Every structure is written in C-alpha cells, then in structure tokens.
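The numbers here are math on the coordinates, done by the rules we state, and not lab data. No experiment lies behind these values; they were computed from the predicted model shown. Methodologically, a virtual Cβ is constructed for each residue, glycine included, from the backbone with ideal geometry; neighbour enumeration extends over all protein chains shown.
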Amino acid sequence: MALTELERKRCDKALADFMARRRPPPHLRDQLDLGFRMEGQCIEIFEIRPDWKDDSVRHESPVAKATFVRTQGLWKVFWMRADLKWHGYQPKAEVNTLKEFLGAFDRDEHGCFFG
C-alpha cells in the first residue's frame, strides 16, 4: 500500500532537508549530483552523472532504497551491489523511521552506498 498523503509530505520534507546537506556544492552538480524519487511505499536515492561520451546525457545510478512495510511499521533498507540487484543492508536491514534510514545512509559505516 502506498504512503498516505501526510506520510508523503513528511518524507518529502525529511528528504529535502537531507539532500540540502548531502548534495555536492552547486558548482560540481553538473558532474555529480544526488536525487531521490518516491514511488508507492519506496524511496530510492540515486547518483546523477553525465555520460562519459556525451555531457548532455545524464545517467542515474541507484544507491540506496527504503521500503515502508505498513503491517510491521518499519522501513526495510537496501543497497545496490555490483551485481545490479538490491540487497538488504546487513548492518541495519530494518529501521523504525525514515530519519534512521537517512542517518545510516549518510554515515555509510561499511562503505556499501558509496564504496
């Protein structure tokens, strides 16, 4: 089941605040940037980079994903491995709040999200 309108607004605010702190400086964003999208009950964070041959083409590379499980009242945390499949983030595979997910993503203690 998708997030409610109120939950989406709260997530939008938390993600916007997080991105304001975490994104590269404005002068570097044409070479590397971070973005996010919300679809249903999932939030995905991705890197945005120009194509190596054509700077006008941008590529998105998924980095992290959190899925809200309403029946359990928690968020499941995933990271994209080199095999291009989502895997549970073993140090903290489940968190209670979106803020906890963003904190784990920001710290990246095990180098899963950004190597």
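Which of Gln72, Gln31, Gln41 ends up with the largest GNM mean-square fluctuation for the chain, with Cα atoms connected below 10 Å?
Its mean-square fluctuation being the largest, the pick is Gln72.
Mind listing which trypsin sites (Lys or Arg not before Pro) in region 31-115 are in a DSSP loop and have 16 or fewer other Cβ atoms within 10 Å? Before the final figure, lay out the partial values.
On the way: sites: Arg37, Lys53, Arg58, Lys65, Arg70, Lys76, Arg81, Lys85, Lys92, Lys99, Arg107; in loops: Lys53, Arg70, Arg81, Lys85.
For trypsin sites (Lys or Arg not before Pro) across region 31-115 that sit outside H, G, I, E and B with at most 16 neighbouring Cβ atoms in 10 Å, the list reads Lys53, Arg70, Arg81, Lys85.
Which entries in the list Lys53/Lys99; Lys9/Lys92; Lys9/Lys85; Lys9/Lys53; Lys13/Lys76 go over 31 Å, if you measure between the two C-alpha atoms of each?
Values: Lys53/Lys99 37 Å; Lys9/Lys92 25 Å; Lys9/Lys85 29 Å; Lys9/Lys53 38 Å; Lys13/Lys76 20 Å.
Beyond 31 Å between Cα atoms: Lys53/Lys99; Lys9/Lys53.
At 7 Å along the Cα-to-beta-carbon direction for both Asn96 and Leu32, put a label point, then send me their distance in nm to one decimal.
Distance between the two pseudo-spin positions: 3.4 nm.
For log10 I(q)/I(0) by the Debye sum over Cα atoms at q = 0.12, 0.13, 0.14, 0.16 Å⁻¹, several values are listed as (1) -0.53, -0.59, -0.65, -0.79; (2) -0.39, -0.46, -0.54, -0.71; (3) -0.44, -0.52, -0.60, -0.77; flag the one computed from this structure.
For log10 I(q)/I(0) by the Debye sum over Cα atoms at q = 0.12, 0.13, 0.14, 0.16 Å⁻¹, the calculated option is (3).
Can you list the residues, at least 5 places off or on another chain, whose amide H is less than 5 Å from the amide H of Glu94, using H built in the peptide plane?
Counting only residues 5 or more places away or on other chains, the set is Val77.
With labels modelled as points extended 7 Å from the Cα through the Cβ direction, what inter-label distance (nm, one decimal) is found for Arg49 paired with Leu6?
4.2
Determine the gain in length on full extension of the stretch Val57-Lys85; use 0.36 nm per residue of separation and subtract their C-alpha separation, reporting nm with one decimal.
Details: separation 28, 0.36 × 28 = 10.08 nm, distance 2.37 nm.
My answer for the length gained is 7.7 nm.
When the Karplus curve 6.51 cos²θ - 1.76 cosθ + 1.60 is applied with θ = phi - 60°, which whole-Hz ³J(HN,Hα) does each residue of region 49-65 get, with x for Gly and Pro?
Karplus-based 3J(HN,Hα) across region 49-65 equals 9, x, 5, 5, 9, 9, 4, 7, 9, 10, 10, 9, 10, x, 10, 9, 9 Hz.
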